[in-house]
Amino acid sequence: MDIVVAHTSYKQAGGEDTCVAAEVAMLRAHGHNVTQYCLHNDATDAMGRIQLASRTIWSRSSYHELREMFREHRPQIAHFHNTFPLMSPAAYYAARAEDVAVVQTLHNFRLSCVNALLFRNGEVCEACLGKAIAWPGIARKCYRNSRAASAATATMVAIHRLLGTWRNAVDMYIALSEASRRKLVQGGIDADKIAVKPNFVYPDPGPGTGQGGYAIYVGRLSVEKGIETLLAAWQGLSHIPIKIVGDGPLAAAVRDAAALNAAIEWLPGVPLEAVYGLIGDARCLVLPSQCYENSPRVLIEAFAKGTPVVVSKRGAMAELVDEGCTGLQFKPGDPDELASRIRFIFADAEGLRRMREAARGTFNQKFTAAINHELLMAVYQQALARRSRAGRAVQSIAPISIRS
């Protein structure tokens, strides 16, 4: 199959960028011809506010560049990941103009929330979920603490809702978990157009030993990821080592906590292969996120290494971790319950052994590249069938500017 994969990389590389790279590698390994259209959000630094807002709503350059790419490569599928802000929904209309089926993976909740997290002031927030215009997000400056930036984001979503873009210009959406799918439907996406395909790990890093005698956190150091809960829990866990791998806005808090508590070790800037080794040797991975996670790649990496996961009982995390089998769950934001879960998992050697086997077994059953390839091909076939039925009728709703 001939496929164009389009993605705008983030300023701070994260799980989504890694997921896209893994999916492209997996598709190529299965014999597909994949052409990539790549942008990078570093380019926004050179743009003025009006220019960036305009491009967020409609990117003429991406529209024309993608049309040329589609004409040259004649793909059956255009698979989009992050189109925000540089690519814009204009990308879908470029595919439509060349009769290419459109698939959009929704890695976050941008179509329902200005900051894409459904999270505000340290708590889950659904104030804009299902609203035609995200007025609360604008008023509260939820994107980059800027009313102008928030308004530009909300306007993009609202305009394209009015135009029917989300309904008509995308053939199939991919949600990364059932929990995410439910939120997307609440936000107005047609349930029949959303397939669930989780993240995966490719190539398979193989199981680890679990003999390192420490817990591990891997990810962004930020409020929504529950770093404050983790640090508070470790105030009473000075006898259990934890390695915190990552960087972010709360890096200073982690550094200060490590200076006061010898059990905490902060490791910024660790390469991915080395991270796999650290996860595999850990007794458990801790994922204390307070926001709705979609399908945390690091959780699946832990399963691949046979490492059980201690997670907040929220969203996809509660869905993916089988309590007492592949890990343990705790009340989001509760450091005392998190600490008790960590003590339990470190005290039960036989239980830990069973969890390691179950975690690796779950990876083999659900999260390998082969299984993911089958799921993705099924989504592509659904998209092609919808595109065939729809024909070119959707072009009639596109703005006049796309013909320029």
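The values are calculated or read from the model by the stated rules, or taken from the named source; none is laboratory data. None of the values given here were measured: they were computed from a predicted structure. Heads up, the Cβs are rebuilt from the backbone with ideal geometry, glycines too, and the neighbour counts pull from every protein chain shown.
Quick notes on this one:
- Long-range neighbours under 9 Å by Cβ, at least six apart or interchain, first residue closer than 12 Å to Val286 by Cα and crowded, with 18+ Cβ neighbours inside 10 Å within region 337-355, second at pLDDT 95 or above and of a type in the set (S, T, N, Q): Leu338/Thr229; Leu338/Ser312; Ala339/Gln235; Arg341/Gln329
- Entirely in region 97-206, the helices (runs of 4 or more DSSP H) that have 3 or more residues that are within 30 Å of Ile279 (Cβ to Cβ) and of a type in the set (Lys, Arg): 178-186
- Residue within region 371-390 that is farther than 30 Å from Glu98 by Cα, among the small types (Gly, Ala, Ser) and in a helix (DSSP H, G or I) present: no
- Here Ala232, Ala195, Ala169 are screened, and the one residue that is in contact with a Pro (Cβ under 6 Å, 6 or more places away or on another chain) and either surrounded by fewer than 19 Cβ atoms within 10 Å (Cβ to Cβ) or closer than 30 Å to Arg55 by Cα (or both) is Ala232.
- Residue in region 135-149 that is out of contact with any Gly (no Cβ under 8 Å at 6 or more places or on another chain), within 30 Å of Asn33 (Cβ to Cβ), crowded, with 16+ Cβ neighbours inside 10 Å and small (Gly, Ala, Ser) present: no
- Elements of type strands (runs of 3 or more DSSP E) contained in region 263-330, each with 2 or more residues being β-branched (Val, Ile, Thr): 309-312
- Whichever residue in region 235-273 is surrounded by 16 or more Cβ atoms within 10 Å (Cβ to Cβ) and free of Cβ contacts under 8 Å to residues at least 24 places away in the same chain and, among such residues, is farthest from the chain's Cα centre (by Cα): Ala258
- Residues of region 177-192 satisfying the condition of being among the hydrophobic types (A, V, I, L, M, F, W, C) and either touching a Cys at 6+ places or on another chain (Cβ under 9 Å) or surrounded by fewer than 18 Cβ atoms within 10 Å (Cβ to Cβ) (or both): Val185, Ala191
- Search result, residues across region 176-190 that are in contact (Cβ under 8 Å) with a residue 12 or more places away in the chain, of a type in the set (Lys, Arg) and out of contact with any strand residue (DSSP E or B) (no Cβ under 8 Å at 6 or more places or on another chain): Lys183
- Taking region 1-95 as the region of interest, the helices (runs of 4 or more DSSP H) fully inside it that hold 1 or more residues being closer than 23 Å to Phe367 by Cβ are 15-29.
- Any hit, region 342-357, residues being touching a strand residue (DSSP E or B) at 6+ places or on another chain (Cβ under 8 Å), closer than 23 Å to Val245 by Cα, at pLDDT 95 or above and basic (Lys, Arg): no
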